[in-house]
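Read through the structure below, which is laid out as structure tokens, and then see the notes.
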Amino acid sequence: MKILNFGSLNLDRVYTVAHFVQGGETETADRLETHCGGKGLNQSVALARAGGRVLHAGCVGPDGEALTGYLRDCGVDVSRVQVLDQPTGHAVIQVTPSGQNCILLFAGANRCLTREAARSALDACEPGDWLLLQNETNLTGWLAAQGAERGLKVAFNPSPADERLKEVDFRHLSLCLFNEIEGAFLTGETQPEAILDGFRRRYPACGAVLTLGGEGACYDDGEQRLYQPAIPALAVDTTGAGDTFTGYLLAAIAAGEPPAAGLRRAAAAASLAVSRKGAAPSIPRREEVEESLRRMNK
Ligand code: ATP
Ligand code: RIB
């Protein structure tokens, strides 16, 4: 069972700041670090570190080798990542001393995927494989429809939430993973239970995962609703917490594990990720996650 992830690849420029710069203000950053990131890349890294078999599809510019090389080193198949004559996607990220972030994205090559290249990547899949999508690339609605038509199970992380989500027919999805902001955008509700109820009413056949930051996460597949508390951590940088959670949980579900076990491992992985800097580099390896779960069980 493999997971084909059509996802963004970004160079994250991370500025450490005392507080987020406001309109009309000039702020001097204390520090600049550049890391591998992008929701797509982060989720592929998390899937692979969790033990999943991952094929990543997407686009970078001529300077994107750092990103594809990083994925390759994590064990991800990057044969479907195209190098285009476009700027590589990047993110300008401000991080405060309490670990909060705000992000400005430039999509660049991430939105230059063609149907022809996408079809060729989809051809590498068999019915029953998973197709993973986020909202940082183009063709998302078309890919979801193609995936469902080909008998793939489609997982979608509708992040960041914006008008382009209207292009996606959620009836094609098997699993949708979102935070409270995205959940409110999709359902018009603001309270966790009401968001899950609203989602279930609209899309009865789709499993839902609602993440609640330091408050944990909820899972609802129509038959059971589970709550997974967050595992306390000293938050240094929460960038990529959701991606870590998504990758670890989807790897468990794709491997046929019960959702409760996958949720617990995903929470442990995300807890380790928030205690470290950066997006992709903060994603823990499976052995680290198992060791942290063992320590908690003692
Ligand atoms: P991002 O967009 O920053 O990647 P997100 O908004 O998609 O994140 P969150 O809901 O913030 O995702 O977090 C996902 C999971 O990460 C949570 O369900 C929780 O398990 C874990 N997590 C997030 N913040 C913390 C924290 N401060 N302490 C411990 N665990 C956390
Ligand atoms: O989810 C975190 C990611 O969002 C960052 O790595 C950044 O690139 C943006 O895409």
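The values are calculated or read from the model by the stated rules, or taken from the named source; none is laboratory data. Quick caveat, the model's predicted, so the values are computed rather than measured. No Cβ is skipped: glycine too gets one built from the backbone with ideal geometry, and neighbour counts run over all protein chains shown. Heavy atoms of the whole protein, side chains included, go into the accessibility calculation; ligands, DNA and RNA do not. Shrake-Rupley method; radii C 1.70, N 1.55, O 1.52, S 1.80 Å.
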Residue in the stretch 56-72 that is in contact with a His (Cβ under 9 Å, 6 or more places away or on another chain), buried (at least 24 other Cβ atoms within 10 Å of the Cβ), among the hydrophobic types (A, V, I, L, M, F, W, C) and at pLDDT 95 or above present: yes
Those residues of the stretch 207-244 which are open to solvent by 30 Å² or more (accessible area, probe 1.4 Å) and acidic (Asp, Glu), in sequence order: GLU215, ASP221, GLU223
Pairs with Cβ under 7 Å, 6+ apart, first in the stretch 223-239 and under 15 Å from ALA269 (Cβ atoms), second more than 16 Å from ligand 2 (Cβ to nearest atom) and among the charged types (D, E, K, R): GLN228/ARG264; ALA230/GLU215
Number of the exception - GLY183 against (1) small (Gly, Ala, Ser); (2) assigned to a loop (DSSP other than H, G, I, E, B); (3) within 11 Å of ligand 1 (Cβ to nearest atom): (2)
In the stretch 254-266, residue nearest to ligand 1 (Cβ to nearest atom) [restricted to those that are open to solvent by less than 40 Å² (accessible area, probe 1.4 Å) and in contact (Cβ under 8 Å) with a residue 24 or more places away in the chain]: ALA266
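Condition check: under 15 Å from ALA107 (Cα atoms), among the hydrophobic types (A, V, I, L, M, F, W, C) and either within 16 Å of ligand 2 (Cβ to nearest atom) or open to solvent by less than 30 Å² (accessible area, probe 1.4 Å) (or both). Does ALA161 satisfy that?
Details: under 15 Å from ALA107 (Cα atoms): yes; among the hydrophobic types (A, V, I, L, M, F, W, C): yes; either within 16 Å of ligand 2 (Cβ to nearest atom) or open to solvent by less than 30 Å² (accessible area, probe 1.4 Å) (or both): yes.
In short, yes.
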Filtered residues of the stretch 282-296 (kept if within 14 Å of ligand 1 (Cβ to nearest atom) and either surrounded by 18 or more Cβ atoms within 10 Å (Cβ to Cβ) or under 28 Å from ALA91 (Cβ atoms) (or both)): SER282, ILE283, PRO284, VAL289, SER292
Pairs where the first residue, in the stretch 150-165, is farther than 14 Å from LEU4 by Cβ and the second is open to solvent by 50 Å² or more (accessible area, probe 1.4 Å) and not β-branched (Val, Ile, Thr), C-beta under 6 Å, 6+ apart: ALA161/PHE185
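May I ask you to verify whether LEU47 is touching a residue at least 12 places away in the same chain (Cβ under 8 Å), in contact with a strand residue (DSSP E or B) (Cβ under 8 Å, 6 or more places away or on another chain), in a strand (DSSP E or B) and crowded, with 17+ Cβ neighbours inside 10 Å?
Values: touching a residue at least 12 places away in the same chain (Cβ under 8 Å): yes; in contact with a strand residue (DSSP E or B) (Cβ under 8 Å, 6 or more places away or on another chain): yes; in a strand (DSSP E or B): no; crowded, with 17+ Cβ neighbours inside 10 Å: yes.
No.
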HIS90, sole failed condition from (1) out of contact with any Phe, Trp or Tyr (no Cβ under 7 Å at 6 or more places or on another chain); (2) within 16 Å of ligand 2 (Cβ to nearest atom): (1)
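For every residue, the table says whether it meets (1) closer than 14 Å to CYS176 by Cα; (2) small (Gly, Ala, Ser); (3) assigned to a helix (DSSP H, G or I).
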site	(1), (2), (3)
VAL209	yes, no, no
TYR227	no, no, no
ASP243	yes, no, yes
ARG264	no, no, yes
SER271	no, yes, yes
ARG294	no, no, yes
Hits in the stretch 221-260 - residues which are more than 20 Å from LEU133 (Cβ to Cβ), charged (D, E, K, R) and more than 16 Å from ligand 2 (Cβ to nearest atom): GLU223, ARG225, GLU257
The stretch 173-206 - residue that is small (Gly, Ala, Ser) and within 29 Å of GLY128 (Cα to Cα) and, of those, surrounded by the most Cβ atoms within 10 Å (Cβ to Cβ): GLY183
Answer residue from the stretch 1-25, given it is open to solvent by 20 Å² or more (accessible area, probe 1.4 Å) and among the polar types (S, T, N, Q) and is farthest from ligand 2 (Cβ to nearest atom) among those: GLN22
Inter-residue pairs, beta-carbon under 9 Å, first touching a residue at least 60 places away in the same chain (Cβ under 8 Å) and in the stretch 167-190, second β-branched (Val, Ile, Thr) and buried (at least 20 other Cβ atoms within 10 Å of the Cβ), 6+ apart: LEU175/VAL154; LEU175/VAL209; LEU175/ILE253; LEU177/VAL209; LEU177/THR211; LEU177/THR246; ASN179/THR211
Index of the failed condition, GLN82 passing every other in (1) open to solvent by less than 10 Å² (accessible area, probe 1.4 Å); (2) under 20 Å from GLY147 (Cβ atoms): (1)
